[in-house]
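One structure is given here, and the rest of the page talks about it.
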Amino acid sequence: MDITITPKKLFGIVAAIPSKSQAHRLLISAAFADNATALICPETNQDIEATAACLQALGAKISRDERGYIVSPIRTVPEKAVLNARESGSTLRFLLPIVGALGVDTTFQMAGRLPQRPLTPLWEEMERMGCTLTRPTPDTIRCTGKLLSGSYSIDGGVSSQFITGLLFALSLIPGKSHLEITGKVESRPYITMTEQVLSLFGAPRYHSPGEITVEGDWSNGAFWLAAQALDSDLTVTGLDLTSAQGDRAVADILPQIRDGAPVISAADIPDLVPILAVTAAAKNGAVFTDIQRLRIKESDRVASTMAMIRALGGNAEATESTMTVFGTGFQGGVVDACNDHRIAMAAAIASSVCTAPVTILGAQCVKKSYPCFWEEFRRLGGNYEQYLR
């Protein structure tokens, strides 16, 4: 689906959708609890659904209604399972160590860029501790064997998702285990979120809290907050200023962009870079450092972010570790979303400060994290036409 937007400021009140990051973790914990758990999560997306379906394949019973999910925990672990992670890095990286801890002979199916996204050093550490991992086809991974208790070590510089997966796994392995994180730790706030969820459920005993509400998502709320910073008359509700979500940092970064040309580390906020880059281009510019991990997201987000900015009449350039966005403003143009939900949504917000129409190719990719984004965009005054290919 392609969309052509006629530039217009947005206005109104928009509620943040449930946090994808927290929903993954709560679903997993609920699947190992002693009793059923109700997760209040009125909006879902493809990534959350991937985790729920994988947990069902492992024996959990999960139903959904308008309020969210009811999760009845796993009682009998299967000997074999096929888990479809779709395009969700969180689903794969969280559940790969978990099936290793359970000893389930598991084949993971993957789509999009997920087969190309890194699994080192998680892969090697799992093999060192008792599992065998193979690639039967380019789009599948098979995990056999069972993880042992003991001392685990992993470099924190690639993905915090590896650490989350191991924290879940170690809580499920009988006996005493320890995880040492070495090197620079990326996206540390999301490790904190994992620890908070494990504590909430009392892991390793996993007592159900009964009912819990998934908090609002700062990652997707950031698009509306950026529109607000670009002079749209928006009010964003449902975001917790005390949240452990790393992307809560957007509340501090947007004023810096509005007031100057800041230097911003992307180490803990790789998902915010496309929309922060749009905001910077419309204002006074910015320099983003620590951008290496952006190259291994749903798209190469260094390349796709720069291509978006240039397509809209702005200018950006990059070295291996930095990206400079110039405060040139925007005109309009045609943006290829590169099957990256955050590029599509950033381009939509950019349209509010363009002087000519913006066409977004592959705009349906927002379904990965925010299926109702285009409906909300229109409700808030966005003016667009959509075309099916």
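Nothing in this text is a laboratory measurement; each read-out follows from the coordinates by a stated rule. Nothing here was measured: the structure is a model prediction, and the numbers come from that model. With ideal geometry, Cβ positions are generated from the backbone for all residues, glycine too; neighbour counts draw on all protein chains shown.
Return the whole-Å distance between the Cα centroid of the stretch 35-110 and the Cα centroid of the stretch 334-389.
29 Å
Please list the three semi-axes, largest first and in whole Å, of the ellipsoid equivalent to the stretch 166-287, using sqrt of 5 times the eigenvalues of its alpha carbon gyration tensor.
With the √(5λ) rule applied to the stretch 166-287, the semi-axes are 35, 19, 8 Å.
Please state the relative contact order of the stretch 20-213 as a whole percent: Cα pairs under 8 Å, 6+ residues apart?
Relative contact order here is 23 percent.
What residues have an amide H closer than 5 Å to that of G216, excluding those fewer than 5 places away on the same chain, when H is modeled at 1.01 Å from N in the peptide plane?
S19, D240
Among DSSP beta bridges whose residues both lie in the stretch 115-257, state the antiparallel percentage, nearest 5.
On the way: 4 of 9 bridges.
Counting only bridges with both partners in the stretch 115-257, antiparallel ones make up about 45 percent.
Quick check on the chain: helices-only [θ] at 222 nm, where DSSP H runs of length 4 and up contribute -39,500 (n - 2.57) each and the sum goes over total residues. Nearest 500, please.
Details: 12 runs with 131 residues, N = 389.
Dividing the helical sum by the residues of the chain leaves -10000 deg cm²/dmol.
I'd like the orientation of helix 218-229 relative to the chain: the angle between its Cα long axis and the longest Cα principal axis, in ° from 0 to 90, rounded to 10.
Helix 218-229 sits at roughly 10 degrees to that axis.
Taking amide hydrogens as modeled 1.01 Å from N in the peptide plane, which residues meet the under 5 Å criterion relative to L179, leaving out close sequence neighbours?
Long-range HN contacts for L179: Y152.
How large is the translational diffusion coefficient of the stretch 281-389 in µm² per second when you combine the Kirkwood radius over alpha carbon pairs with Stokes-Einstein at 4 °C and 1.567 mPa s?
Here the translational diffusion coefficient equals 91 µm²/s.
Please report W218, W374, W123 as a ranked list, fewest other C-beta atoms within 10 angstrom at the top and most at the bottom.
Neighbour counts put them in this order, fewest first: W123, W374, W218.
List the aspartates and glutamates whose Cα lies under 16 Å from the Cα of K146, skipping any in the same chain that are fewer than 8 positions away.
Candidates past the 8-residue exclusion: E79, D105, E124, E125, E127.
Can you tell me the equivalent ellipsoid semi-axes for the chain? Use √(5λ) from the Cα gyration tensor, largest first, whole Å.
Whole-Å semi-axes of the equivalent ellipsoid: 36, 22, 19.
One-quarter of the Cα convex hull surface for the stretch 20-213, in nm²?
Averaged projected area of the stretch 20-213's Cα convex hull equals 9.6 nm².
In degrees, nearest 10, range 0 to 90: what is the angle between the Cα axis of helix 20-31 and the longest Cα principal axis of the chain?
Orientation of helix 20-31: about 20 degrees from the principal axis.
Using a simple charge model, +1 on the beta-carbon of Lys and Arg, -1 on the beta-carbon of Asp and Glu, nothing else, what dipole does the chain show about its Cα centre, in debye to the nearest 20?
The dipole magnitude comes to about 480 debye.
Got a sec? How would H207, H178 order by Cβ neighbour count within 10 Å, fewest to most?
In increasing order of surrounding Cβ atoms, one gets H178, H207.
Specify the angular offset, from 0 to 90 degrees and rounded to the nearest 10, of the alpha carbon long axis of helix 46-57 from the longest principal axis of the alpha carbons in the chain.
So the inclination is approximately 10 degrees.
Check cross-link reach from K297 to the lysines: straight Cα distance under 20 Å, and skip same-chain residues fewer than eight apart.
K20, K184, K367, K368
Write down the Kirkwood hydrodynamic radius of the stretch 84-166, to one decimal in angstroms, obtained as one divided by the mean of 1/r over all alpha carbon pairs.
On the way: mean 1/r = 0.0794 Å⁻¹.
For the stretch 84-166, the Kirkwood estimate is 12.6 Å.
Could you sort the peptides 221-232, 104-115 by per-residue average Cβ neighbour count (10 Å cutoff), highest mean leading?
Result, highest mean Cβ count within 10 Å first: 221-232, 104-115.
Return the percentage of antiparallel bridges among DSSP beta bridges fully within the chain, rounded to the nearest 5 %.
About 55 percent, rounded to the nearest 5.
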